[in-house]
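These notes are about the structure you will find just below.
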Amino acid sequence: MISRWHRSVLICAIFLELIVVFFFQTREAHADCLSFLPHGYNGYFVHLPKNEEFCVDTPNGAVFYKTNQFGARVIKGVSSEVPVHAFGESQLIEIFPRHGKTGHVLWKVYGKRDLYLHGAPNNGPNETLSFIDYIQRNKIPAPKNITIGVNLGFDLFRIIPGWRTTEKVAHEAKDIPFMMKHPTLYGVVNFGKAIAGNKFEFIDRPKQIERARQHFDKKTDDINIYFTEWLKNLRKLKNKYNLEIDVIFFDAYWSYDLDKKANFVSSNLEYNKKLKLIVCSNKQHYSIFKKTLFLQYSKKAKTDNLFTYTLRHFKKHPNQFHNITEFCAES
């Protein structure tokens, strides 16, 4: 446990280092890459910069982005088939690098089509509905076949009343041009805001799993109620715009147990069953969707092979793609 004094010293040291970097920028392997992912909340949904090309350095490597006029990440494929228009948050957007010949996970589902990925970190299920509505009203022609990604590790919490997107997304969408024009200055200012607001986060990988499970157990009844409500709202949106919808569920990072010393993770049977109950108790609502898939990953794996450095995103491709009938067969 870091004492308050040591925490203050560490924060001051990092802050001074950022100031030094601001005035004396060094040239490194990805010196032109940003140290953060620019995104902002417009009161309805969270999106990336519009009409930009940039890269972001992460501990796992550099991630390259190209976006369109709506702030959707664009990944070009080789197929001449209709592009995939998908909506979700950071797991769907893939804010981590893909190495070698490994492409986006949606290519495993649809083939190597062009991808238009709408969303950003902390863009929850309700924000996704707003983003879809915005695209339907403003894009000409509007896509009628869409895919929605649901990250069970976070999205089940984001639908509960009391979730405040403004508390999770530090900046408004109108701040994005400033981030892009003055990235180093933004980094210093943003760090200062984090200190002033006591929002400086130290990632504790084992504890974040424990906290997520405790929150899930405490809020299970609310999650059941509002997940059903969200599915009903999705049905209304589908009918409003005559949409064909695929829903893809990503597993929860906290459904894995972490052996920190061995750098190893294993699927937790108890929490897998609890998540399955949430998903499968709403089977009657999935009939309206063209396709409903649940992506399942290795039951046991080296931590750094399966997850990104934060342990919050799956970077390895799933080894099983179950439709809802297969997934819920034993529930």
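Quick note: the coordinates plus some simple rules give every number you see, no bench work behind them. The model shown is predicted, which means the values in this text are computed figures rather than measured ones. All Cβ positions, glycine included, derive from the backbone under ideal geometry; neighbour counts span all protein chains shown.
List of remarks:
- Listed by chain and number, the aspartates and glutamates whose C-alpha is less than 18 Å from the C-alpha of Lys181, apart from same-chain residues fewer than 8 away, are Asp32, Glu52, Glu53, Asp57, Glu172.
- Förster radius 22 Å - calculated FRET efficiency between Ile140 and Lys238 (Cβ-Cβ, nearest 0.05): 0.65
- FRET efficiency for Asn68 and Ile288, using Cβ-Cβ distance with R0 set to 25 Å, rounded to 0.05: 0.35
- Residue of Pro59, Pro83, Pro318 that the Gaussian network model of the chain assigns the largest fluctuation, springs spanning Cα pairs under 10 Å: Pro59
- Of Pro206, Pro183, Pro97, the residue with the greatest mean-square motion in the GNM of the chain, using alpha carbon springs below 10 Å, is Pro206.
- Folded to 0 to 90 degrees: helix 183-196 orientation relative to the chain principal axis, Cα: 90
- Exposed GluC sites (Glu not before Pro) absent - longest run of the chain, DSSP non-H/G/I/E/B, at most 15 other C-beta within 10 Å: 202-329
- Exposure proxy order (Cβ contacts within 10 Å, fewest to most) of His99, His39: His99, His39
- Relative to the dominant Cα principal axis of the chain, helix 205-241 is inclined by about 50°.
- A Gaussian network model of the chain, with springs between Cα atoms under 10 Å, assigns the largest mean-square fluctuation among Gly61, Gly40, Gly124 to Gly61.
- Between the Cα long axis of helix 269-280 and the first principal axis of the chain there is an angle of about 60°, rounded to the nearest 10.
- Per residue, the chain reaches -11500 deg cm²/dmol at 222 nm when only DSSP H runs of four or more residues are counted, each adding -39500 (n - 2.57).
- Lysines with Cα under 21 Å of Lys276, excluding same-chain neighbours fewer than 8 positions away: Lys218, Lys219, Lys232, Lys290, Lys291, Lys299, Lys300
- Trp163, Trp254 arranged by Cβ crowding within 10 Å, fewest neighbours leading: Trp163, Trp254
- Equivalent ellipsoid, region 156-274 (semi-axes from 5 times Cα gyration tensor eigenvalues, Å): 30, 26, 15
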